[in-house]
Amino acid sequence: MRKTVDFLIIGSGIAGLCFALKAANYGTVCIVTKSKIDDTSTKYAQGGIAAVIYHPDTYEKHIQDTMVAGSQLSDKNIVELTIRESTARVMELVEWGVNFDKNSSGQFDLAKEGGHSEFRVLHYKDITGLEIEQKLIAAVLSHKNIEIFEEQLAVEIITQHHLGMDVNRRTPDKCCYGAYVYDTVNKTVNTILAKTTMIATGGIGNVYANTTNPQIATGDGIAMVYRAKGEVRGMEFVQFHPTSLYNPKEAPSFLITEAMRGAGAILKDMSGREFMQKYDVRGSLAPRDVVARALDNEMKICGSDHLFLDATLIKKNEIFSHFPNIYAKCLSIGIDITKNMIPVVPAAHYSCGGIATNEWGESSIQNLYASGECTSTGLHGANRLASNSLLEALVFSHRACIKAVETINTIQFREDVPDWDSSGTVNNEEMVLITSSKKELQSIMSNYVGIVRSNLRLKRAFDRLQIIYEETEQLYKKSIIIPEICELRNMINVGYLIIKNAMNRQESRGLHYSLDYPNHTEVMQKREDNL
Ligand code: FAD
Ligand code: SIN
């Protein structure tokens, strides 16, 4: 099949759906998504969305908190514009029908999370993402200009390379003409030609063995742009959430929101003692990088595979009204969180790096935009402030639409794009080659490129990954397309980028902590000054 469309959107989370709702006022929109429409990280977001709403909060305080959490590596201009646009973007969600909890005076009930100096997190109980995703899906489904295709996996973005031209990372005028998309039901690769393509493919969590991310988070967009010679940056900054529920049989790991610590829950060791004050004066509410590292260290000291979060300190009525989903989940595995401590362990959660974009969501490839977790906008620097990621998606999908609309009428379709060539490929008879390589990759990344790194661990990871990379490339070249091999290839690409970027960063900063460069005293000092 061949299709032409004004706006092609890859991904149906908050970033893709918001862009779709805006772009649909200016042309035809096609959303492709590799699984069901709501199979996204967005759906799992618990804590909420950070925005400046009421006094005594100010844009300046939120900007400052974001810069401090990011270890001063965030782009100040991007931080300023994101935070200053936060109120308007969140109100737009409300106009689209999204509910946020309110208190008895009718004001938004704002929560607090690690690294925030004020209560500013809008939430809907502990299922904020589900509420957002459902309302956006409803709006998209009722828009006549938007077509949605589920079970469609984007394999490659189309550039001059597919027209037989030589493209390298320094070619200044690389251009995107759409994407090759694999229909997982009909098992064909379709060509979708677009004036503008938006990558909104989300995160990378499945590169690690233990993650809060759903299975779709395999870094496809980042890998596609990297292979198309676009700029990708900041991949060393992988955020581990300190508190996923310790339940080894379950994947993905169920998240225990940081908002629980905002409401008074305390991290405790195996003997029930608090330990966070040893690491940071902000205790259990220090920024995520600090808390995850502290947990990692405590677990190593006592040789345990989890620690505890004590939520019994939160009033029962607050547990039932604010955290009903977590209460029910824990109860389903025999833990009554109003009486017992919750076993928790850090899990890979969020990629701060990704496709490099500017203040208008433009990538380094013409007519190719990106928004959401697959990007590196400059907002998060070396560590994302909690609940800033839904916000980032809203702001940059909005901005990308403004820019894309400016140029859409000047762009011509490239009719000379060839269809996907699968000649010479055969059915892959041995699925075990793919599943084993995926497990190997996850083990390499978890053991050597996790919360604590070293030069030796990174070198070992790089060498091991090289072998899997070569084996997988050979397999890919001769196999008929199937999603599993595309995703494995993407995850290996992402693993490579994380390791390479980590090797290049010869310091410890934010989420990247290396035993060989342990001190980053300047940043620690700034954090203490900001308390
Ligand atoms: P997603 O919502 O992940 O959507 C990606 C989409 O791309 C999916 O539809 C997927 O199927 C599709 N896709 C991927 N690859 C392809 C391909 N090759 N072809 C076609 N389609 C493809 N952030 C906050 O700000 N606040 C929170 O409270 C919060 N809580 C979180 C809790 C959990 C458990 C998790 C996992 C994350 C949380 N985050 C939170 C992070 C936040 O949810 C995500 O960063 C954000 O939702 C990402 O949105 P997105 O639109 O970029 O990607
Ligand atoms: C959480 O609720 O703890 C997750 C928030 C986030 O990832 O921003």
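Summary table
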{"item": "Complete set of residues in the stretch 37-54 that are more than 11 Å from ligand 2 (Cβ to nearest atom) and part of a helix (DSSP H, G or I)", "result": "THR42, LYS43"}
{"item": "Any chance GLY114 is within 14 Å of ligand 2 (Cβ to nearest atom), assigned to a loop (DSSP other than H, G, I, E, B) and under 21 Å from THR375 (Cβ atoms)", "result": "no"}
{"item": "Scan of the stretch 119-149 for residues that are in a loop (DSSP other than H, G, I, E, B), within 16 Å of ligand 2 (Cβ to nearest atom) and either charged (D, E, K, R) or crowded, with 23+ Cβ neighbours inside 10 Å (or both), ordered by number", "result": "ARG120, HIS123, LYS125, ASP126"}
{"item": "Subset of the stretch 285-319 [surrounded by 15 or more Cβ atoms within 10 Å (Cβ to Cβ), assigned to a helix (DSSP H, G or I), touching an Asp or Glu at 6+ places or on another chain (Cβ under 8 Å) and not β-branched (Val, Ile, Thr)]", "result": "LEU285, ARG288, ALA294, GLU298, MET299"}
{"item": "Scan of the stretch 34-93 for residues that are within 15 Å of ligand 1 (Cβ to nearest atom), acidic (Asp, Glu) and within 18 Å of GLN239 (Cβ to Cβ), ordered by number", "result": "ASP65"}
{"item": "Matching residues in the stretch 367-399 - criterion: being touching an Asp or Glu at 6+ places or on another chain (Cβ under 8 Å) and closer than 19 Å to LEU193 by Cα", "result": "LEU368, TYR369"}
{"item": "Extreme residue, nearest to ligand 1 (Cβ to nearest atom), among residues of the stretch 364-413 that are closer than 21 Å to ILE31 by Cβ and of a type in the set (D, E, K, R)", "result": "GLU373"}
{"item": "Residues (out of contact with any Phe, Trp or Tyr (no Cβ under 8 Å at 6 or more places or on another chain) and either outside any helix (DSSP H, G or I) or within 16 Å of ligand 1 (Cβ to nearest atom) (or both)) located in the stretch 458-481", "result": "TYR476, SER479, ILE480"}
{"item": "All positions within the stretch 214-254 that are of a type in the set (D, E, K, R) and in contact (Cβ under 8 Å) with a residue 12 or more places away in the chain", "result": "ASP220, ARG227, LYS229, GLU231, ARG233, GLU236"}
{"item": "Set SER74, SER12: member being of a type in the set (S, T, N, Q), in contact (Cβ under 8 Å) with a residue 24 or more places away in the chain, part of a loop (DSSP other than H, G, I, E, B) and within 16 Å of ligand 2 (Cβ to nearest atom)", "result": "SER74"}
{"item": "Check on ALA311, closer than 21 Å to MET270 by Cβ and either among the aromatic types (Phe, Trp, Tyr) or in contact with a Pro (Cβ under 6 Å, 6 or more places away or on another chain) (or both)", "result": "no"}
{"item": "Residue satisfying all of: in the stretch 180-209; polar (S, T, N, Q) and assigned to a strand (DSSP E or B); surrounded by the most Cβ atoms within 10 Å (Cβ to Cβ) among these", "result": "THR196"}
{"item": "Residues (within 16 Å of ligand 2 (Cβ to nearest atom) and at pLDDT 95 or above) located in the stretch 260-275", "result": "MET260, ARG261, ALA263, GLY264, ALA265, ILE266, LEU267"}
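The values are calculated or read from the model by the stated rules, or taken from the named source; none is laboratory data. Everything numeric here is computed off the predicted structure, so don't read it as measured data. Don't worry about glycine lacking a Cβ; one is built from the backbone with ideal geometry, like all the others, and counts go over all protein chains shown.
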